[in-house]
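Report on one structure; see the data block that follows.
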Amino acid sequence: MNPYVAILPLLAIAGGFALFSIVAGSLSGPKRYNRSKLDAYECGIEPTPHAVGGGRFPVKYYLVAMLFIIFDIESVFLLPFAIGFDSLGWFALTEMALFVLTVFVAYGFVWRRGGLDWD
């Protein structure tokens, strides 16, 4: 028997649950639409018409997203290091310390420049 055949029932259950959730939500949910529910939601900022060439958008949203990605990638690199620490030796410890130092220097730079201060 192919080992991937066992995944098919799981996919069928997941697809059935997704379909059931969509149908049940559309049947049981309220149907009262008004103007505010149909408006676009943009991170709590009132939507305004933009200029033809595009408008200015606060850069801090992108900065927070990039910081999240950087620290997420850091955790992806730190987990295998932590698991295999005993077999890696001092060279890997030095390299990981330099990696963490580099990330925290970037974090300190953003912090000192006021990138984490919300208006």
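Would you mind stating whether Val76 is in contact (Cβ under 8 Å) with a residue 24 or more places away in the chain and out of contact with any Cys (no Cβ under 9 Å at 6 or more places or on another chain)? The answer is no for Val76.
On the basis of being surrounded by 10 or more Cβ atoms within 10 Å (Cβ to Cβ) and at pLDDT 80 or above, does Ile70 make the cut?
Working: surrounded by 10 or more Cβ atoms within 10 Å (Cβ to Cβ): yes; at pLDDT 80 or above: yes.
Spelling it out, Ile70 is indeed surrounded by 10 or more Cβ atoms within 10 Å (Cβ to Cβ) and at pLDDT 80 or above.
Can you confirm whether Ala92 is of a type in the set (A, V, I, L, M), surrounded by 13 or more Cβ atoms within 10 Å (Cβ to Cβ) and at pLDDT 80 or above? Here the answer is yes, as Ala92 does meet what is asked.
The values are calculated or read from the model by the stated rules, or taken from the named source; none is laboratory data. What you see is a predicted model, and the numbers here were worked out from it, not measured in a lab. Positions of Cβ are backbone-derived with ideal geometry, glycine not excepted, and every protein chain shown enters the neighbour counts.
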